[in-house]
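Step one of this worksheet: look at the structure below.
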């Protein structure tokens, strides 16, 4: 997990208006050759990053190298 987050790409940026208590984002990382999506929350008050969820993106819902949602 740590290596996947060390070299990850920002996919989506979420703000407070979406009902989230902290600013958060979706990033794409890799564990070996397997893509993973991680939702991170940024807690600037306590200087920490919170992992909200981790999942393997499916080809049915993602395109462009796991970086864009299919609509």
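The values are calculated or read from the model by the stated rules, or taken from the named source; none is laboratory data. Small disclaimer: the values here were computed from a predicted structure and weren't measured. Positions of Cβ are backbone-derived with ideal geometry, glycine not excepted, and every protein chain shown enters the neighbour counts.
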Of the residues in region 59-71, those that are in a strand (DSSP E or B) and more than 17 Å from residue 31 (Cβ to Cβ) come to 63, 68, 69
Among the residues of region 1-16, count how many are assigned to a helix (DSSP H, G or I) and surrounded by 14 or more Cβ atoms within 10 Å (Cβ to Cβ). 2
Does residue 19 fit the bill of being exposed (fewer than 11 other Cβ atoms within 10 Å of the Cβ), out of contact with any strand residue (DSSP E or B) (no Cβ under 8 Å at 6 or more places or on another chain), over 17 Å from residue 1 (Cα atoms) and free of Cβ contacts under 8 Å to residues at least 60 places away in the same chain? yes
Looking at (1) in contact with a helix residue (DSSP H, G or I) (Cβ under 9 Å, 6 or more places away or on another chain); (2) modelled with pLDDT of 95 or more, which is the one condition that is false for residue 23? (2)
When only residues in region 26-58 that are in a loop (DSSP other than H, G, I, E, B) and exposed (fewer than 12 other Cβ atoms within 10 Å of the Cβ) count, which is modelled with the lowest pLDDT? 44
